[in-house]
Amino acid sequence: MKRLDKIYLGTNTKMYKTIKDSVDFISDLQEYTRDLSRNDLELFVLPSYTALDGVRLKANPALLRYGSQNISWADEGQFTGEISPIMLKETGASIVMIGHSERRHIFRETLSEIHQKVKCGLEHGFTVLLCVGETGQEKEQNIADEILRIQLKTAFHGIEKENAKNIWIAYEPVWAIGVGGTPATKEYASEKHMVLKRTLEEMFGKEMGEAIPVLYGGSVNAGNAEDLIAMEGIDGLFIGRSAWNAAAFNDLIRKSVQTWKTKGV
């Protein structure tokens, strides 16, 4: 499988950084990585809702993209506590993450709700980052491939093929993320990425399907990032707490970009 034109590296800061923390993080990250060609790198950050407008004032679109950790499926309405695509557009966000495992398993978002959010995000011109992944029990039951295919097929049901250019995938096995997560082996991660890529090709056609970046997320750190990037089917990394210090993230980015440049050569 051919390598994509660039590597995709990003982080979701979850519910950790304040507005000031987020703005400082974005500013530092841009300065650290300014010399890296964006022809080789797509760098992105998903801060908290409250930080989005502050980030808008500091983010340089030539260096970094930013977006939201969630989205409502409705433009407006009686949905207390939700945030609409119209509101997100005002912040300059260009990416919306949908279907994170914490949304699925803690907040009980259904496959149908995730589908509605995907449809809404694409209709409003956002890049949709869909998170998928199997639980530890589903892995033990040897049904991970089926679960991943269901999550993709339900999320993108009825989505027109031309929307493929605005779709990213993050594979995050539920058992591998969080404080107590155990990283997947590079072989296991590559195997599941290939399942996802074949499914995307089924849905959007070979050319458009294989152009959709599939990122690995799940206890990614400086010790395993390069090995993961070197594997077939892994187009980038979606990183948690290992990326929340800008200097440390910069080191990881540089090592990952270098590995990616030699991938398949």
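The values are calculated or read from the model by the stated rules, or taken from the named source; none is laboratory data. Remember, it's a predicted structure, so these values are computed and weren't measured experimentally. Every residue, glycine among them, receives a Cβ derived from its backbone with ideal geometry; neighbour counts consider all protein chains shown.
Only residues that are of a type outside the set (Phe, Trp, Tyr) and either under 13 Å from Phe249 (Cβ atoms) or in a helix (DSSP H, G or I) (or both) were counted across region 18-47, and they come to 17.
Can you go through Asp40, Asp35, Asp24 and tell me which one is surrounded by fewer than 16 Cβ atoms within 10 Å (Cβ to Cβ), within 19 Å of the chain's Cα centre (by Cα) and not hydrophobic (A, V, I, L, M, F, W, C)?
Being surrounded by fewer than 16 Cβ atoms within 10 Å (Cβ to Cβ), within 19 Å of the chain's Cα centre (by Cα) and not hydrophobic (A, V, I, L, M, F, W, C) holds for just one of Asp40, Asp35, Asp24, which is Asp40.
For region 60-80, which positions are more than 19 Å from His124 (Cβ to Cβ) and surrounded by 15 or more Cβ atoms within 10 Å (Cβ to Cβ)?
Result: Leu63, Leu64.
Among the residues of region 191-208, not a single one is within 23 Å of Phe44 (Cβ to Cβ), at pLDDT 95 or above and outside any helix (DSSP H, G or I). Is region 142-154 home to any residue that is touching a Ser or Thr at 6+ places or on another chain (Cβ under 8 Å), more than 30 Å from Ile86 (Cα to Cα) and exposed (fewer than 15 other Cβ atoms within 10 Å of the Cβ)? Within region 142-154 (the criterion being touching a Ser or Thr at 6+ places or on another chain (Cβ under 8 Å), more than 30 Å from Ile86 (Cα to Cα) and exposed (fewer than 15 other Cβ atoms within 10 Å of the Cβ)), the answer is no, since none of the residues qualifies.
Inside region 248-260, can you point out the residues that are under 23 Å from Gln69 (Cα atoms) and not aromatic (Phe, Trp, Tyr)?
Result: Ala248, Asn250, Leu252, Ile253.
Among the helices (runs of 4 or more DSSP H) confined to region 75-127, the ones with at least 3 residues that are more than 23 Å from Tyr171 (Cα to Cα) and either out of contact with any Pro (no Cβ under 7 Å at 6 or more places or on another chain) or at pLDDT below 95 (or both) are located at 85-90. If you go through region 152-177 and pick out every residue that is outside any helix (DSSP H, G or I) and either without any contact (Cβ under 8 Å) to a residue 60 or more places away in the chain or of a type in the set (Lys, Arg) (or both), you end up with 9. Among the residues making up region 93-116, those that are in contact with an Asp or Glu (Cβ under 8 Å, 6 or more places away or on another chain) and either in contact (Cβ under 8 Å) with a residue 40 or more places away in the chain or among the small types (Gly, Ala, Ser) (or both) are Gly99, His100, Ser101.
How many of the residues in region 232-265 are part of a loop (DSSP other than H, G, I, E, B), among the hydrophobic types (A, V, I, L, M, F, W, C), over 16 Å from Glu172 (Cβ atoms) and free of Cβ contacts under 8 Å to residues at least 60 places away in the same chain?
1
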